[in-house]
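Working notes, beginning with the structure itself.
The values are calculated or read from the model by the stated rules, or taken from the named source; none is laboratory data. Since the model is a prediction, treat every value here as computed from it, not as a measurement. Every residue, glycine among them, receives a Cβ derived from its backbone with ideal geometry; neighbour counts consider all protein chains shown. Surface accessibility is based on the protein's heavy atoms, side chains included, excluding ligands, DNA and RNA. Shrake-Rupley method; radii C 1.70, N 1.55, O 1.52, S 1.80 Å.
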Amino acid sequence: MAKTKTSRKDYFGLGRIVSLILAIIPFTAWILGAITRFSEGKFVAGLIRLIFGFTIVWIVDLIMMIVKGKIWRLLNC
């Protein structure tokens, strides 16, 4: 059997299509983006998502999900 490349999936390990659908809807992208950051222990990134999630962050997330298949990691620390 051929090995498949496993990549880290966003929005709680959901597949690319489901994550893309959730990223298209602004409210779910806002809430799930913040929850994802808080669950990773990145509280500053979670707060930034909560405050600015409906603006430029949502647009960048949507573009990144379409192009790369993952949401934008605003703060990687």
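Checking the condition surrounded by 15 or more Cβ atoms within 10 Å (Cβ to Cβ) and modelled with pLDDT of 80 or more, which residue from L74, L22, L47 passes? So that I can check it myself, show each step before the final result.
Values: L74 fails: modelled with pLDDT of 80 or more; L47 fails: surrounded by 15 or more Cβ atoms within 10 Å (Cβ to Cβ).
The unique qualifying residue is L22.
Among the numbered conditions (1) within 18 Å of L22 (Cα to Cα); (2) outside any loop (DSSP other than H, G, I, E, B), tell me where I71 comes up short.
The number of the failed condition is (2).
Could you count how many residues in the stretch 50-68 are in contact with a Phe, Trp or Tyr (Cβ under 9 Å, 6 or more places away or on another chain) and either open to solvent by less than 20 Å² (accessible area, probe 1.4 Å) or not in a helix (DSSP H, G or I) (or both)? Explain how you work it out, then say what you get.
The first filter runs over the stretch 50-68 and keeps only residues in contact with a Phe, Trp or Tyr (Cβ under 9 Å, 6 or more places away or on another chain), leaving 50, 52-54, 57-58, 60-61, 63-65.
Then keep just the ones that are either open to solvent by less than 20 Å² (accessible area, probe 1.4 Å) or not in a helix (DSSP H, G or I) (or both); that gives 53-54, 57, 61, 65.
Qualifying residue count, the stretch 50-68: 5.
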